[in-house]
Amino acid sequence: MFKGLTQAALAAGFLASSALAGWAAGHAEITLRATANSNENDEDYDGLVVFKNYVEAASNGKVAVELFIGTQLCSNGTECIQGVAEGSIDIYISTSGGAAGLFPYVQVLDLPYLMSDDRVAEAVLANGSTFMQSMQDSVLETSDGAVRLMTIGNTGGWRNFANTERRVQTPADMSGLKMRTVVADLPVQLVEAMDASATPIPWPELFTSLQTGVVQGTANGITDIMGMKFPEAGLQYLTLDGHSYMGALWFMNNEQFSGMDDATKRVIVDGFYQLQQATFASPKRKSIQAYEDFVAGGGDIYVPTPDEKAAFAAAAAPVYDWFGSNVDGGPAALEALRASVAEVEARINAVREAEMQ
């Protein structure tokens, strides 16, 4: 009985906020143009829908949010972030690779084996953490006050090594594999540290590249692997090494945000929190069916033992040195991330121990 009442109340609240969201478009004092270079099956879209619905309802229609999914407003990270800086775009979500051309230090999110699981990653990326404060300060400074980093969510779970040739249990099993990377330096360094051959290839070309043998593997989350039907191109072996959390950086035009009154700013800040939580949850739900479909299609999934995971981390050590020596702002970003991870792990372990008593 209580469950039914709760569901009814939630449904009524959702309908009311959805109705207000629709009404807001014609009565808003502020209209925010938000874009994601993705599609409606992506975690980015899930986050934007939650953000739009929350902000329009919580502002009582004062703020309207227009969504532009795909390349309607801009086509790549650099172009889109420049649009945010100039004010033609109010909100944009980027991967770390997409933002690296303007904010190179955000590639710290791609450094492998620094965050162990979702619980740690989500706490490290919470606004107010040592790491997030460092990133937000750096983005404002680098953009000369034009762009704010509002939050970091998730866009696809964790990156894992996958290939067409064989099960990978240790770094030695990576030797000689032709691995696709994004068009960025850091992923190339990681693949080469594993004694594999790195080939930067744009995302739209990956299916054909796997199918024709131009590359034999990639590093992606399971939802991307299944969404792009990579098993049909021969991708059959997946190693859940979880080497990097697929962070999604949400940027906003600083002039637009700074010009709002405090009540509206609070709505926007809380809206980004809601968005972040939605993107944290979305890959977890979607990955359940994706893993089932991968195995049902003949896919092989391997989970490294703790010792094997440690061997992967040891093999990746040269990447940290490269990052510190070659990436502007890299040392400070890495120091902030490591400090946050240490703080979070200590807190989580203390809570976990107390809960286990």
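The values are calculated or read from the model by the stated rules, or taken from the named source; none is laboratory data. Keep in mind the model is a prediction, meaning the values are calculated, not measured. With ideal geometry, Cβ positions are generated from the backbone for all residues, glycine too; neighbour counts draw on all protein chains shown.
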Checklist entry - Scanning for something surrounded by fewer than 20 Cβ atoms within 10 Å (Cβ to Cβ), without any contact (Cβ under 8 Å) to a residue 60 or more places away in the chain and closer than 30 Å to residue 33 by Cβ, does the range 206-227 turn up at least one residue? => result no
Checklist outcome for this item: How many residues of the range 269-296 are surrounded by 17 or more Cβ atoms within 10 Å (Cβ to Cβ), β-branched (Val, Ile, Thr) and not assigned by TED's automatic domain parsing to the domain that holds residue 56? The answer is 0
Checklist outcome for this item: Taking the range 24-58 and keeping only residues that are of a type in the set (D, E, K, R), surrounded by 22 or more Cβ atoms within 10 Å (Cβ to Cβ) and part of a loop (DSSP other than H, G, I, E, B), one is left with 42
Checklist entry - residue 171 fails exactly one of the following numbered conditions: (1) closer than 26 Å to residue 325 by Cβ; (2) within 24 Å of the chain's Cα centre (by Cα). What is the number of that condition? => result (2)
Next on the checklist: in the same structural domain as residue 144 (by TED's automatic domain parsing), surrounded by fewer than 21 Cβ atoms within 10 Å (Cβ to Cβ) and either among the charged types (D, E, K, R) or farther than 29 Å from residue 138 by Cβ (or both): is that true of residue 255 in this structure?
Outcome noted: yes
Checklist entry - Given the conditions (1) modelled with pLDDT under 95; (2) crowded, with 19+ Cβ neighbours inside 10 Å, and given that residue 357 satisfies all but one, which numbered condition is not satisfied? => result (2)
Next on the checklist: Residues that are among the hydroxyl-bearing types (Ser, Thr, Tyr), under 30 Å from residue 83 (Cα atoms) and in contact (Cβ under 8 Å) with a residue 12 or more places away in the chain: does the range 316-325 have at least one?
Outcome noted: no
Checklist entry - Consider residue 61 against the criteria (1) in a loop (DSSP other than H, G, I, E, B); (2) more than 24 Å from residue 263 (Cα to Cα); (3) in contact (Cβ under 8 Å) with a residue 24 or more places away in the chain; (4) not aliphatic (A, V, I, L, M): it satisfies all of them except one. Which criterion is unmet? => result (2)
Next on the checklist: Quick test of your reading of the structure: residue 183 fulfils all but one of (1) in the same structural domain as residue 79 (by TED's automatic domain parsing); (2) in contact with a strand residue (DSSP E or B) (Cβ under 7 Å, 6 or more places away or on another chain). Name the failing condition by number.
Outcome noted: (1)
Next on the checklist: Could you list, ordered by first residue, the pairs with Cβ atoms under 9 Å in which the first is in the range 341-357 and under 20 Å from residue 127 (Cα atoms) and the second is part of a helix (DSSP H, G or I) and of a type in the set (Lys, Arg), at least 6 apart or interchain?
Outcome noted: 344/119; 348/119
Checklist entry - Within the range 100-112, can one find any residue that is modelled with pLDDT under 95 and of a type in the set (A, V, I, L, M)? => result yes
Checklist entry - Can you tell me which residues in the range 164-180 are of a type in the set (S, T, N, Q) and out of contact with any strand residue (DSSP E or B) (no Cβ under 7 Å at 6 or more places or on another chain)? => result 170, 175
